[in-house]
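The values are calculated or read from the model by the stated rules, or taken from the named source; none is laboratory data. Because the structure is predicted, anything quoted here is derived from the model rather than measured. Every residue, glycine among them, receives a Cβ derived from its backbone with ideal geometry; neighbour counts consider all protein chains shown. All accessible areas refer to the heavy atoms of the entire protein, side chains included, with ligands and DNA or RNA removed. Shrake-Rupley method; radii C 1.70, N 1.55, O 1.52, S 1.80 Å.
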Amino acid sequence: INNEELTKIARDDVDKLGKSLNETAILSCIKNDRRIVLYDTVPDRELIVKSNFSKSIYSANTGRVILANYTPAHLEKCIIRLGLPPKEEWPEIYETNNPHGELVNRLAAIRNIGYEIHFDTNGIVGIAAPLFRSGHVVGSVGVYMPKLRYIHEKEILSSVLETARIINSKIELTDSQH
């Protein structure tokens, strides 16, 4: 699936997610080892979170959730190519004597639960879930909001996961029609 097809399939559901929460919702992929925003919504509020179009795969949780679902071989090649994340992008992995092992373990934990919730140092919360085609990760959907509005955590997470499930089933349906 190319990025244009993914955007076409997911756009309406990303819009619904953004509108239902009145927060920034984004559709992302990885391109040239960077997290790229394919599509985003703008909430009708004065205080909004605007995601950079291109961001480090390690610093954006919409990138981390994709990276977490790479095959072990693909993940290792990516880590070799990029190196470990800078300390300011993922400080938790440096809390042990084995940052590489900790990075792999944290990505495995994200893969196992099927989403990531990230609180950054600027008071922003990101919630992201992966998108798949034929068992391979192709992108992610997520929402970003100021931490002060992250009140109904279960409902927000549920909305993101349900949106990912709907988009994943549409990707599957598109594949079965070809």
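Across the accessible surface of region 64-178, with the other protein chains kept in place and a 1.4 Å probe, carbon and sulfur atoms take up 55 percent.
The calculated FRET efficiency for the pair Tyr94 and Ala73, based on their C-beta separation and a Förster distance of 25 Å, comes to about 0.50. Taking amide H atoms as placed 1.01 Å from N in the peptide plane, the amide H of Val138 lies under 5 Å from those of Leu131, Phe132, Arg133, each 5 or more residues away in sequence or on another chain.
Taking θ as phi - 60° and the Karplus parameters 6.51, -1.76 and 1.60, the scalar couplings of region 66-78 work out to 6, 3, 4, 9, 5, 5, x, 5, 5, 4, 4, 4, 5 Hz in sequence order, x denoting glycine and proline.
The string of couplings for region 102-112 from the Karplus curve (6.51, -1.76, 1.60, θ = phi - 60°) is 5, 4, 4, 5, 5, 5, 5, 5, 4, 4, 5 Hz, one whole number per residue in order, with x for Gly and Pro. Which aspartates and glutamates have a Cα less than 15 Å from the Cα of Lys154, not counting those fewer than 8 places away in the same chain? Qualifying aspartates and glutamates at Cα under 15 Å: Glu116, Glu162.
Consider the candidate values (1) 21.1, 71; (2) 15.6, 50; (3) 26.6, 92; state which one is Rg and Dmax of the Cα atoms in Å computed from the structure displayed. Working out Rg and Dmax of the Cα atoms in Å from the coordinates points to (2).
Distant-in-sequence amide contacts of Tyr39, defined by a placed amide H-H separation under 5 Å and a gap of 5 or more residues or a different chain, comprise Leu27.
In what sequence, highest mean first, do 94-104, 17-27 appear when ranked by Cβ atoms within 10 angstrom? Mind showing how you got there, number by number?
On the way: 94-104: 13.5, 17-27: 21.9.
Ranking the peptides 94-104, 17-27 by packing returns 17-27, 94-104.
Scanning residues 5 or more positions from Asn22 or on other chains, none has an amide H under 5 Å from its amide H, with H placed 1.01 Å from N in the peptide plane.
Listed values for region 79-84 are Karplus-derived 3J(HN,Hα) couplings in whole Hz (6.51 cos²θ - 1.76 cosθ + 1.60, θ = phi - 60°), namely 5, 4, 5, 8, x, 6, and x replaces Gly and Pro.
Among Leu38, Asn61, Ile79, which residue has its Cα positioned farthest towards the positive end of the charge dipole of region 32-83, with +1 placed on the Cβ of Lys and Arg, -1 on the Cβ of Asp and Glu, and the dipole taken about the Cα centre? Of the options given, the answer is Ile79.
Taking the solvent-accessible surface of protein heavy atoms with a 1.4 Å probe, what is the per residue accessible area of the chain in Å²? Don't skip to the end; give the middle numbers.
Details: 9500 Å² over 178 residues.
Heavy-atom accessible area per residue stands at 53 Å².
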